[in-house]
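See structure below.
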Amino acid sequence: MPTIVSVDDSTVPGEGSSRLLLLVSSDNKHIVVEEDIMSRSRFISKQVEGFEATSQRHAILLPFSSFVLNKVIEYCSHYRGYYLLEDDPDAAPPGRSPVREWDQEFLDVDRNMLLRIIKAAHYLEIKSLVGSCARAIADMIRGKTTEEMREILGVENDFTPEEEHSPSSKCTG
Amino acid sequence: MSLFRLPAELISNILEYLDCKSLLAWREVCRGFKASVDTSSLLRYQIALYASGMQDGPPGPIAVADRLAKLEAYDEAWRNLEWKAHAESALPSTSLWELYGGIWARSKGRKTLVFRQLPSRTRGVEERQWEVATDVVLRDFGLDSCQDLLVLVEKLQSGTNLCSVHLRTLSSGARHPLAPKSGILEYERPIEDTARTDWSYSIRVSGDYVGILFLNDPAALCELFVWEWKTGVLRLKIVEPQMRSFTFLEVFYVLVGAIESNTGPGFPSLFAYDLHELSTQGLGIEDTPSVCSFQLPLAAPNRPAWELLMSCDPAPNWFPNPELGTPFYTGEDDRLIVLNLQFLVAPVIRSHTIVIHSRVLSTVIATLRRDGGEKVIPWEAWQHGCQLLPEHGHWSTWSCSTFGMRYVCPKPIQRGGVRMVRVRDFHPTRVNRAEEAARDEAGIYGLPQFQHVLPSVIKEVPLPDQLQNSARLQLMISEDNIVALEVSGSLAQSAL
């Protein structure tokens, strides 16, 4: 567990008026990032509101690796200043995220990485990224048979033989 | 890392992007996945819609969980065919009548129509009756509740050959607001025939199109007109003695049944016409440019067909009147086209009922459009999507024996002194779900060229007690009801 580090804004050179945040990953890497890049994350925004209320800024500890965190920061940097409906806390919750080409390329990663990113995005409450990841995962398994899905997702069949053949588990064909 | 570790919220997020078929496969992956689907009303509703071949209705006050419960009840009701209500009404023998889209309509006197919205217990549709008094002496009529359209064919005055079709609203009988200014489609009939009164009319509405087929005997002057009713433009006119019936197939195609054609040694055929192509010269069925023709089988060589009737409801892209607020309705993709093919085997008429999955014809047409190829489709090439039914019996021309993928045998079936209603369901996923015992997959019932079959599920239930002794019943089917027409002149309807 990394210790909480106090950060003094003035000691870190910033660009423009945006303040800086210190993020600490589970592998204890310290990553400095501009606050407005991360404002897409509801989780981070709430932390920042807390800082302002207490006039105390400190590092934000995150339960995932720097590898994943950097990927999320890359996403947030790409959409810096962009309005995405899903990330608007005041908008009505949208249904499915639209197809975004850049996201598709960005999420062209292996299965494990994709699962890590969606978990991180969920933790950070970045709904647009959760949506794009969910779409990407669905794309991997759409139209596949049950057996193929097990293989793709690395899931064991834990039904008993009786359950597997009972009509209630088989809905239709 | 496994998906197992993902929070339930994320799993349901992923499932939102899956189609129902994939959801069903997902559900069988493991216990955790099964639970992820089964605990969500929305996902269960989506699966249930897919499995029962229904489509979600317009957004409204009915919550998803409630829609799901209604859909399960609806499905159950059709599987078990238990009568939930019964109503009868008189039908004077001179009345014109029509059953379409859950509305029973009949004429009263020469100018008035009485409509009755048939109720649905499970879908929450209230019964409602209304009358429309028109200023038109009626010869026949057609209707389409989703467009509030009423098509009135005016009785021909003697001494004239100009006929009028009036486009009115179903709710009030006023000129339809989307119709051309005059509210009338006009057409000319050959003068020598205007004196006759024994015409049969077949009227169908499909989206922007109104089609009317005029039939008589002798058939020399059978004519088919298809208009774009909102502009009043005539799109198709065919004059053909062999023509017997028609229906709409998908949005832009008309399917015309002819008892004999030159495509083979007297084969009956279904001709498909594209409404994008204007053909209004009134040519014969073979001379009017068609997309293709589907050959039908003969009962025996050199024995031409005598009659070819067609039943297919509802029209492509049909949806229920939004005001009814139905939670769901019969899906767009699947329709049966049921043919009654009759042969004269002196001194009797033998009839064969052939059930066709509309998608088979659509697929052939799409392939032909893309790749080109032979325009005459021999029976062998498309019969895999058909079923020949063992239950025979003539229909009347106006039989409404099919709705969506269900078919009711028009005549009750005798089972040890009890008269039964037989309903066949041809919907692929509903057939797959049914228990083996109820399925009917074998079936080579008499036509020599028949090899393949479209599987169905059969359900038989006794006619309601009130109808056990009624003579000459004709059974019909709608989205929620079985309707029995007693030929002597009364109507009984049993709701699900």
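The values are calculated or read from the model by the stated rules, or taken from the named source; none is laboratory data. All values reported here derive from a predicted model rather than from experimental measurement. Using ideal geometry, Cβ is built from the backbone for each residue, glycine included, and neighbour counts are taken over all protein chains shown. Heavy atoms of the whole protein, side chains included, go into the accessibility calculation; ligands, DNA and RNA do not. Shrake-Rupley method; radii C 1.70, N 1.55, O 1.52, S 1.80 Å.
A few comments on the model shown:
- Cα-projected label distance for B:Thr363 with B:Arg303, points at 7 Å along beta-carbon direction, nm: 3.1 nm
- Solvent accessible area, Å² - B:Trp104, 1.4 Å probe, full protein context: 10 Å²
- Placing pseudo-labels 7 Å out from each Cα toward the beta carbon at B:Leu344 and A:Trp102 gives an inter-label distance of 7.6 nm.
- Ratio of Rg to Rh for the protein assembly as shown: 1.08 [Cα atoms; Kirkwood radius as inverse mean 1/r over pairs].
- Taking all protein chains together and rolling a 1.4 Å probe, B:Cys30 ends up with roughly 0 Å² accessible.
- Per residue, in Å², the accessible surface of the protein assembly as shown once ligands and nucleic acids are set aside, probe 1.4 Å: 44 Å²
- Per the accessible-area calculation with a 1.4 Å probe, the total area buried between chain A and chain B rounds to 3200 Å².
- Rounded accessible area of B:Arg359 (nearest 10 Å², 1.4 Å probe): 110 Å²
- Other-chain or far-sequence residues with amide H under 5 Å of B:Cys292's (modelled H): B:Ala272
- Heavy-atom accessible surface of the protein assembly as shown: percent carbon and sulfur, 1.4 Å: 51 percent
- Check: region B:3-79 dipole with +1 on Lys, Arg Cβ and -1 on Asp, Glu Cβ, in debye: 220 debye
- Per-residue mean of C-beta atoms belonging to partner chains within 10 Å, peptide A:136-148: 5
- Where only DSSP H runs of four or more residues are counted, chain B gives -4500 deg cm²/dmol as its mean residue ellipticity at 222 nm, each run worth -39500 (n - 2.57).
- Treating r as the C-beta distance of A:His58 and A:Tyr123 and R0 as 30 Å, the FRET efficiency rounds to 0.95.
- Counting Cβ atoms of other protein chains within 10 Å of each Cβ in B:6-16 and taking the mean gives 5.
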